[in-house]
Every structure is written in structure tokens, then in C-alpha cells.
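Okay, so here's the structure we're looking at.
The values are calculated or read from the model by the stated rules, or taken from the named source; none is laboratory data. Being a predicted model, the structure only gives us computed values, none of them experimental. Positions of Cβ are backbone-derived with ideal geometry, glycine not excepted, and every protein chain shown enters the neighbour counts. For accessibility, only protein heavy atoms count, side chains too; no ligands or nucleic acids. Shrake-Rupley method; radii C 1.70, N 1.55, O 1.52, S 1.80 Å.
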Amino acid sequence: MNKEQKQLIEKVKIIQGDNYATIEDTSDLTIEELKELVSYLDQSPPYHSLSNLKILVNQIFSPEVDEYLEVKGYDLVDEFVTVHKKLENSEVKHSFTLKNLHMIPEEEFAQIWMQSMEGSLNAPSCLTMPEHMKSVAVELGHSYKDSCIAIYEGDQPIGVMMPHIEPGTVDEGRLFYFGLIPDERSKGKSKVLHKLALNLLEKEFHAKNYIGGTSKHNAPMIRTFIANGCEVKDVNRVFYKKSL
């Protein structure tokens, strides 16, 4: 990596899992810099060998960038809405039970997570569930067991929440995943559970800010964000390239 390439990499945020990478925060790049970054990623072994790569292209960029990415073998798969909220001292009344991987087997959590992804309005994932679990462990490190939380109502599992501090930051809270199994959706539970997840980020993970996101097509989740005081930060077009 030469000096110019290093400077490009430092301008964006790269979230890397076991066999994937997502490029975020492209708004500070010029069109030419974004093109140079894509060229570098295509030629660099650490990224060339990944099974899939996603680039979030900020809404400030013209269709010229889309055309360039398509020529390079990327497909436009979604538009992603990013939200922000400053976390404040709050209490959440609820009757749900939360169990992390210190309390339940990983296989049980993975099964609930898989059910929670069924019929999602977000773009479908290309990873298998074992790959998802491995990616969580790789990205979050030894603390991943604290973040993998299954939600129960009585004895019945109804969904998952995965609060964590974004690696490389001190107090940026995120949810690796948040979702309910199909039978539990549209019952008014999402807003309470999302608020509970934000409360955990603040109280248990010591986050000061929350960054969240979902597909532009996931209207129920966007309504949940707004109901819980989140503000839209930006919108990005999601480009995906498989098997570089």
C-alpha cells in the first residue's frame, strides 16, 4: 500500500468480518478518490480474496459513480438509511426476558436469529448462519457473547438484539442485528424492544451515541427509529460484489 492508497483508506470506515467487508463513510471522498478506492480494493489481496464486498455510496454522488461501479462488477442491491441518536438516561418498562450466550447455547441463539431474518424487508444476506456467527465473533472479539441476546416473552423466543460498541471507537453504540420472528411483527413490540436495546447500549455498554440503519424499504423499522428519537443522518446506495 502506497502513501496515496493509505490516505484513501483512512478517509473511509471499513467494517471487516471473517470473509466480507463493508466500506462506509464515503461522503468525504471526491468522485476520483472513490474510483481510485474501488480500483485499489479490486487489486489488493486482503480484499480481492473476500467472498463479498459492499460499498455504501453516499447520496451526494452522481450517477456517474453508479455507472463506474457497475462496469467494475458491482450490483446496486439496496438504499440504506443511517440514523443517529444521542443516548440519554432513560428507563424502559417491559416484561420481556433477555438471555445472552452466557445463558443459552450458541445453537439456540443462532436458530432464533435465523428465524428473525425470515421475510425481512432488508436486502437478503449472502452469508450462511455459521458464517454470520463467525463474523460476529471476528468483528466483536471475545465480548461477542455479551452482545448476542435472544428475546423471550414468557418461555417463547420472539427475536434478537445485538448491542455492541463499534470496534475502533470508545462510545459509539450499534446493533449488529435487531429483529423479531415473523409471527411477532406488527404487534407494537418493536418500538419497546428497540428502546430497550438503546437502554442496554447506554447502561451496560456505556455508549454515548447510537448509530443505526436499515433499508430504505423497511418502513416499519424507520418508524421505530423515529418513534425512539433517532434522526436520519444520511442515505447511501449499497453496491455489492461477490467473489472478487
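Quick notes
- For the chain, pairs of C-alpha atoms spaced more than 26 angstrom apart make up 40 percent of the total.
- Of all lysines in the structure, the ones whose alpha carbon falls short of 16 Å from that of Lys233, not counting any fewer than 8 places away in one chain, are Lys13, Lys85, Lys86, Lys216.
- Accessible surface of region 122-182, 1.4 Å probe: 54 percent of it comes from carbon and sulfur atoms.
- For region 181-244, the equivalent ellipsoid derived from the Cα gyration tensor has semi-axes of 23, 18, 13 Å, listed largest first.
- Charge tally around Val71: other residues with Cβ under 14 Å, Lys/Arg +1 each, Asp/Glu -1 each, net -3.
- Taking a ≥ b ≥ c as the square roots of the eigenvalues of the Cα gyration tensor, region 108-168 is classed as oblate, since a/c reaches at least 1.5 and a/b does not exceed b/c.
- Overall form of region 114-244 per C-alpha gyration tensor (a/c, 1.5; a/b vs b/c): rounded
- In this simple spin-label approximation, Lys187 and Lys203 carry label points 7 Å from Cα along the Cα→Cβ vector, and these lie 2.3 nm apart.
- Computed from the C-alpha gyration tensor, the three semi-axes of the ellipsoid equivalent to region 59-188 are 29, 18, 17 Å, from longest to shortest.
- For the chain, a crude dipole built from +1 on the beta carbon of Lys and Arg and -1 on the beta carbon of Asp and Glu, taken about the Cα centre, is about 520 debye to the nearest 20.
- For the set Lys99/Lys187; Lys54/Lys203; Lys99/Lys208; Lys54/Lys134, the pairs lying more than 25 angstrom apart at their alpha carbons are Lys54/Lys203.
- Comparing Val12, Ile55, Val235 along the charge dipole axis of the chain, the residue lying farthest to the positive side is Val235, per the Cβ-charge model.
- Seen through its C-alpha gyration tensor, with square-root eigenvalues sorted a ≥ b ≥ c, region 1-80 comes out rounded because a/c lies under 1.5.
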